[in-house]
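Following: one structure in structure tokens, then a few remarks.
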Amino acid sequence: MSTSVDTLGMVDTERYPLTEPGSAAWRAAVDRTRADLAEVGCSVLADFIRPELREVLRTECAELEPHAYTKIEKVNAYNTAIDEPLPEDHPGRTIMERGNAFVARDRIPASSLIDRLYTSPLFQRFVADCFGLRELHELADPLAGLTLNVIAPGRAHPWHFDTNAYTVSMLTQAAEAGGTFEYCPGIRSTTDENFPAVRAVLREDGTHPVRRLDLRPGDLQLFQGRFALHRVSTVEGAIARHSAIFAYSERPGVIGSAERTRQLFGRTLPVHVTGRTVRGDELLD
């Protein structure tokens, strides 16, 4: 299913003036988002997609669900080898079950709302400004960049950190129950893994605060997921939880590693052998 809506005709541009870069309204929206990010490491731009297009958004993404690569596996919060020898109290020794799945970029039609939004230069400029960056680039990876995350009933996306410093996502189909986004903003930094706090969250001993978001389809979420431990709780009911993940980089030409690509999508392409990943820190993942 697709529509003939203009690329930014899907956005509530009265609240989020993407067509007026640098205007007073643009600056006000950007400043609100930056304030949220500075305070709690996350900003939710409610009703980013116009109400009359939310069912189109849901339907387009629901039609992609059969293309999701699913592999139930045991993981830790750092996506490192779970049999790696670690100190007894290291949080990497906490093993969880990862049950979420991903639809790769090459399965998503260019005509879809999420693809047209992801590739929009005005959207990219707005997101970059919200994060305080000069520019952002789409990933050159033909499988990553834009993906659809699918969490089936009875499954969850366990505690983890993102590999990208800047995460942009949009819920496209909510679970009937459960499927709550939970996070701990700024629990680590580029210079401190803060293992004691991470360990406390994984043990669920109540000593470290956890924030929870009530996301709705069509809400845009900007998130500092590289430094915030986060998860999606177990999905309950009869339908899966769907969310579009818009991944960008500060540098052009970025391609994921073959190992990580195979883990997420169950396959690789020749470009993944020679591609390059970019990390601005020495954190575990």
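The values are calculated or read from the model by the stated rules, or taken from the named source; none is laboratory data. These numbers come from a predicted model, not from an experiment. Cβ coordinates were reconstructed from backbone atoms using ideal geometry, including for glycine residues, and neighbour counts include every protein chain displayed. We work out accessible area using only protein heavy atoms, side chains counted, and drop any ligands, DNA or RNA first. Shrake-Rupley method; radii C 1.70, N 1.55, O 1.52, S 1.80 Å.
Reported count of residues in region 28-56, each being assigned to a helix (DSSP H, G or I) and out of contact with any strand residue (DSSP E or B) (no Cβ under 6 Å at 6 or more places or on another chain), is 16.
Cβ separations smaller than 7 Å between residues 6+ apart or across chains give no pair from region 1-27 residues that are closer than 15 Å to residue 220 by Cβ and in a loop (DSSP other than H, G, I, E, B) to residues that are among the aromatic types (Phe, Trp, Tyr) and modelled with pLDDT under 95.
When residue 218 is tested against (1) farther than 22 Å from residue 104 by Cβ; (2) under 13 Å from the mean Cα position of the chain (by Cα); (3) open to solvent by less than 40 Å² (accessible area, probe 1.4 Å), exactly one condition is not met: (2).
Condition check ((1) in contact with a Gly (Cβ under 9 Å, 6 or more places away or on another chain); (2) in a loop (DSSP other than H, G, I, E, B); (3) of a type in the set (D, E, K, R)) across all residues:
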{"position": "84", "(1), (2), (3)": "yes, yes, yes"}
{"position": "87", "(1), (2), (3)": "no, yes, no"}
{"position": "101", "(1), (2), (3)": "no, no, no"}
{"position": "111", "(1), (2), (3)": "no, yes, no"}
{"position": "114", "(1), (2), (3)": "no, no, no"}
{"position": "124", "(1), (2), (3)": "no, no, no"}
{"position": "143", "(1), (2), (3)": "yes, yes, no"}
{"position": "149", "(1), (2), (3)": "no, no, no"}
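Do you know which of the residues in region 58-80 that are acidic (Asp, Glu) and over 18 Å from the mean Cα position of the chain (by Cα) is surrounded by the fewest Cβ atoms within 10 Å (Cβ to Cβ)? Here the residue is 73. Of the candidates 59, 94, 33, the single residue that is modelled with pLDDT of 95 or more, among the hydroxyl-bearing types (Ser, Thr, Tyr) and over 26 Å from residue 173 (Cα atoms) is 94.
In the list 47, 83, which residue meets the criterion of being among the acidic types (Asp, Glu) and in contact (Cβ under 8 Å) with a residue 40 or more places away in the chain? So the residue among 47, 83 that is among the acidic types (Asp, Glu) and in contact (Cβ under 8 Å) with a residue 40 or more places away in the chain is 47.
What residue, among those in region 163-199 that are in contact with a strand residue (DSSP E or B) (Cβ under 6 Å, 6 or more places away or on another chain) and at pLDDT below 95, is least open to solvent (accessible area, probe 1.4 Å)? Looking at residues that are in contact with a strand residue (DSSP E or B) (Cβ under 6 Å, 6 or more places away or on another chain) and at pLDDT below 95, I get 167. Taking the criterion of being farther than 22 Å from residue 137 by Cα and open to solvent by 60 Å² or more (accessible area, probe 1.4 Å), would at least one residue in region 37-49 satisfy it? The answer is yes; a qualifying residue exists.
Among the residues of region 36-57, not one is over 20 Å from the mean Cα position of the chain (by Cα) and more than 25 Å from residue 115 (Cβ to Cβ).
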